[in-house]
Amino acid sequence: MLVLASASPRRRELLALAGFSFEVRPAEIDESVAPGEDPVGYVTRLAREKAQAVLAALGADNAGVVVLGADTTVIVDGAILGKPVDVEDAKRMLRLLAGRMHRVATGVAVVTARSIEATAEMTTVEFLPMSEEEIADYVATGEPMDKAGAYGIQGRAARWIPRVEGCYYNVMGLPVARVARMLAAAGAR
């Protein structure tokens, strides 16, 4: 049995599109950045902790269970941009991203009763300049509010993203090809 330790609708959609059957059991963990933690270490740790928490919650019934955890963040100037806390935070993030390149890191972890494999995927994204009016209009749609870096590449923000270097699906929150290889190695179908 495969379990996705995430409430993300995008991760559910991508995993299903890749042909996996799974259950969803979101993990409740502290997602604070540890002092001195780099962005890749941060997302990898959170992915692992989410998967381990869900496996532990299954208790004695976890034999044959494969748990997938994931966490995504946007990185600009070395800073981690998670989900915006409010409208002003979303606008601040979009101002930081507008007219420049940034990176998106997704940590993924596949955990079973006998093994843990955790890694991260990195993608570079180019963002076109945005006017204050465009930023305000985009934030007003509500789309940025539940996404790392305050944008969804698969949604309205696509109009400002002319180039992606690396895995497109990583920017959506799940590097599908890498995850498929990890799940196959763990025995998930």
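For (1) modelled with pLDDT of 95 or more; (2) more than 20 Å from Ser8 (Cβ to Cβ); (3) surrounded by fewer than 22 Cβ atoms within 10 Å (Cβ to Cβ); (4) not aliphatic (A, V, I, L, M), each residue gets a yes or a no:
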site: Ile75; (1), (2), (3), (4): yes, no, yes, no
site: Thr106; (1), (2), (3), (4): yes, no, no, yes
site: Val125; (1), (2), (3), (4): yes, no, no, no
site: Ile161; (1), (2), (3), (4): yes, no, yes, no
site: Met182; (1), (2), (3), (4): yes, no, yes, no
site: Gly187; (1), (2), (3), (4): no, yes, yes, yes
Just a yes or no: is a residue in region 92-111 of a type in the set (S, T, N, Q) and more than 26 Å from Asp38 (Cβ to Cβ)? no
If I filter region 163-180 down to residues being part of a helix (DSSP H, G or I) and β-branched (Val, Ile, Thr), which single residue comes out as surrounded by the fewest Cβ atoms within 10 Å (Cβ to Cβ)? Val176
Please go through region 144-189 and give me each residue that is hydrophobic (A, V, I, L, M, F, W, C), touching a residue at least 60 places away in the same chain (Cβ under 8 Å) and under 18 Å from His102 (Cβ atoms), ordered by number. Ala148, Ala150, Trp160, Val171, Met172
Which of the strands (runs of 3 or more DSSP E) contained wholly in region 3-118 include at least 1 residues that are touching a His at 6+ places or on another chain (Cβ under 6 Å)? 66-76
Index of the failed condition, Ala98 passing every other in (1) in contact with a Leu (Cβ under 8 Å, 6 or more places away or on another chain); (2) closer than 30 Å to Ser21 by Cα: (2)
The one condition Thr123 fails out of (1) of a type outside the set (Asp, Glu); (2) more than 14 Å from the chain's Cα centre (by Cα); (3) closer than 17 Å to Gly155 by Cβ is (2)
Note on region 140-159: residues part of a helix (DSSP H, G or I) and within 20 Å of the chain's Cα centre (by Cα) are Glu143, Pro144, Met145, Asp146, Ala148, Gly149, Ala150, Arg156, Ala157, Ala158
Filter region 22-52 for residues that are of a type in the set (S, T, N, Q) and modelled with pLDDT of 95 or more and give the result. Thr44, Gln52
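Quick grid of which residues meet (1) buried (at least 21 other Cβ atoms within 10 Å of the Cβ); (2) within 24 Å of Leu2 (Cα to Cα); (3) charged (D, E, K, R); (4) out of contact with any Cys (no Cβ under 7 Å at 6 or more places or on another chain):
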site	(1), (2), (3), (4)
Lys83	no, no, yes, yes
Met93	yes, no, no, yes
Ser115	no, yes, no, yes
Ser131	no, no, no, yes
Asp146	no, no, yes, yes
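The values are calculated or read from the model by the stated rules, or taken from the named source; none is laboratory data. Nothing here was measured: the structure is a model prediction, and the numbers come from that model. All Cβ positions, even for glycine, are placed from backbone atoms using ideal geometry, and neighbour counts span all protein chains on display.
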